[in-house]
Each structure stands twice: as C-alpha cells, then as structure tokens.
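Read through the structure below, which is laid out as structure tokens, and then see the notes.
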Amino acid sequence: MSSEEALGSALSHWLTFNSWWLLLPFIMLLVVAAFIVAFVLLLYMISPLISPKPLKLNGAHVVVTGGSSGIGKCIAMECYKHGAFITLVARDEHKLVQAKKEVEKCAINDKQVVLCISVDVSKDYSQVESVIKQAQEKLGPVDMLVNCAGTSISGKFEEVEVDRFKMKPYNIYVTVAYPPDTDTPGFAEENKNKPLETKLISETSGVCQPEQVAKIAVKDAVQGNFTSSFGPDGYMLSALTCGMSPVTSITEGLQQIVTMGLFRTIALFYLGSFDSIVRRCMIQREQSKAADKRE
C-alpha cells in the first residue's frame with residue numbers, strides 16, 4: 001500500500017469515527033423521544049383501569065335541586081333522554097309542574113318517572129333529609145345528585161352584607177361545574193345589579209345556552225370527572241386552578257403538567273386586559289362624579 005493510499009484510508013477511518021460521534025446526540029434524542037412516547041402510551045393504556053367507571057344513566061335515579069328552571073331543568077331533561085328517573089326539587093310548585101311536563105317530553109321509554117318535590121333546600125336540613133328519603137322510597141337510591149339551587153350575588157366586595165357569606169371510600173365522585181354566563185332566569189336577575197366591571201369581564205367568554213351546559217355537565221358527571229369546563233377559556237381555567245384537585249385519569253394529569261406554563265402565559269394577558277377594564281371603569285366613574293359636581 002502506497003503512502004497516499006494509507007493516508008486516504010486513515011482519513012476515511014477518522015471521518016467515519018467522528019461522524020459517529022456527531023450523530024450520537026441525535027441518536028440519544030431519538031431514544032429519549034421514543035421512551036417518552038412509549039411511556040405516554042403505556043399510561044394511556046392503563047388509565048382506564050384506574051379511572052372511575054362511567055355511570056349508566058338508563059334506569060338511574062337522578063335528583064336535581066333547582067330543577068324547575070335554567071341549567072337544573074336542562075340537566076334533568078338531558079338525563080331523562082338517557083333513560084334516567086328524575087326527582088325535581090325546587091321552591092315554586094307552579095314552576096315544578098311546568099318543568100315536569102317539559103322533562104317528560106324527553107322520555108325514551110314508558111317506565112320513566114318524574115317526581116316533583118317543593119322545598120327550600122337553604123332553610124331546614126331535616127326537611128331536606130325527609131325529601132331525599134321520600135324520593136328514595138319511590139324511585140330507589142340516589143345515583144346522581146345535581147345541586148343547581150342557588151343564585152349569584154353580584155356587587156362590590158365591601159358593599160355585600162356579611163350574612164351573604166355562607167359557606168372515595170364509599171365510591172362517591174364529585175363533579176364541580178363552573179360554566180360561563182348562561183342564558184337563564186337567574187342570569188337575567190343577576191345582571192340587574194351587576195357592576196359594570198364584572199359585566200364587561202364576564203362578557204369576554206360570551207353567553208352559553210343552558211342546553212349546552214347541561215349536555216357537557218352530564219357527560220363529565222357520568223364519566224366521574226372532578227371538573228366540568230366549558231369552552232377553551234374554561235379548559236384553561238380548570239388546568240390553571242387544578243392545584244391539589246384529584247384527576248380522573250393519568251392522561252389528564254399529564255395534560256395539566258404540559259400545558260400549565262403555556263396557559264399561565266396566556267392568563268397574564270387576560271389579567272392585563274381585566275386590569276385595563278377596571279381602570280377604564282374607575283376613570284369613567286370619577287369623570288362622571290366630577291361632572292355631577294360641576295352641575
């Protein structure tokens with residue numbers, strides 16, 4: 001072998017050896033990516049084994065407080081469409097009768113029953129307990145309890161009266177639903193005294209229809225999800241406020257971990273917009289007061 005051939009062979013060997021080292025970081029990156037993908041797929045496969053079993057609404061007994069109107073009534077109708085037995089609980093007997101007729105139109109079989117009970121759930125607990133026992137005697141044990149009774153109080157914090165502030169071993173799951181503004185009688189009443197700042201901020205998420213809210217809330221409750229969010233803003237809010245709340249599946253926890261930083265960044269822009277709304281309203285209020293004094 002001539003000296004030129006030897007030099008060429010050595011050079012070729014050196015390039016091959018160094019090319020391998022140049023490719024090593026890329027190969028390691030591929031291995032790590034493959035491991036992550038395999039790990040996520042494994043979690044996705046075993047997630048159904050540890051997630052709560054979906055509730056079968058067909059034949060289930062669903063009790064809905066505040067079921068005479070708004071979201072409560074729509075949730076009762078949605079459950080009835082799936083074959084559930086319904087107990088409507090509310091104060092107004094006339095509204096209950098009307099709601100019962102609307103719910104019964106959603107029946108899918110002749111065996112379904114709608115029971116109406118008039119009671120104020122905010123007053124006497126013993127009376128509420130008696131109502132639940134009465135419902136169970138007629139329609140069986142309660143499989144799902146939907147608490148929609150109540151109203152929203154809007155106002156400046158310092159102006160709200162003090163008395164307004166009230167506060168898995170048994171295989172029971174809780175679903176917390178926090179829908180955006182929803183077109184209900186309660187929402188119309190709430191808007192009568194809502195501060196301008198609150199109205200402008202809440203309007204950024206739009207107004208939902210109670211039928212939409214009912215469909216999503218029932219779906220999440222049946223799946224055993226801890227939170228029930230509505231729309232992109234609701235999903236982002238549920239991820240940002242998850243804290244120590246339980247997760248329905250491992251994949252849900254992974255989604256929260258991965259998206260937390262991005263959602264927090266987006267939320268900062270939201271907060272800036274909200275602060276701007278509050279400042280503008282404050283300036284308008286002060287200008288209005290100054291104008292009144294001059295007059």
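The values are calculated or read from the model by the stated rules, or taken from the named source; none is laboratory data. These figures come from a predicted structure and were not determined experimentally. We place every Cβ from the backbone using ideal geometry, glycine too, and count neighbours over all the protein chains shown. Just the protein is used for accessible areas: all its heavy atoms, side chains included, with ligands, DNA and RNA removed. Shrake-Rupley method; radii C 1.70, N 1.55, O 1.52, S 1.80 Å.
Run down ALA60, ALA33, ALA38 and say which single residue is open to solvent by less than 60 Å² (accessible area, probe 1.4 Å), more than 16 Å from GLY150 (Cβ to Cβ) and at pLDDT 85 or above.
Details: ALA33 fails: at pLDDT 85 or above; ALA38 fails: at pLDDT 85 or above.
Selected residue: ALA60, the only one of ALA60, ALA33, ALA38 that is open to solvent by less than 60 Å² (accessible area, probe 1.4 Å), more than 16 Å from GLY150 (Cβ to Cβ) and at pLDDT 85 or above.
Which condition number does ILE108 fail, the rest of (1) of a type in the set (A, V, I, L, M); (2) surrounded by 14 or more Cβ atoms within 10 Å (Cβ to Cβ); (3) farther than 14 Å from ALA217 by Cα being met?
(2)
Residues that are more than 26 Å from MET144 (Cβ to Cβ): list the helices (runs of 4 or more DSSP H) wholly contained in region 184-277 that include at least 3 such residues. Even if it seems obvious, please write down each step before you answer.
Working: elements: 185-191, 196-202, 210-223, 231-240.
Helices (runs of 4 or more DSSP H) meeting the threshold: 185-191, 196-202, 231-240.
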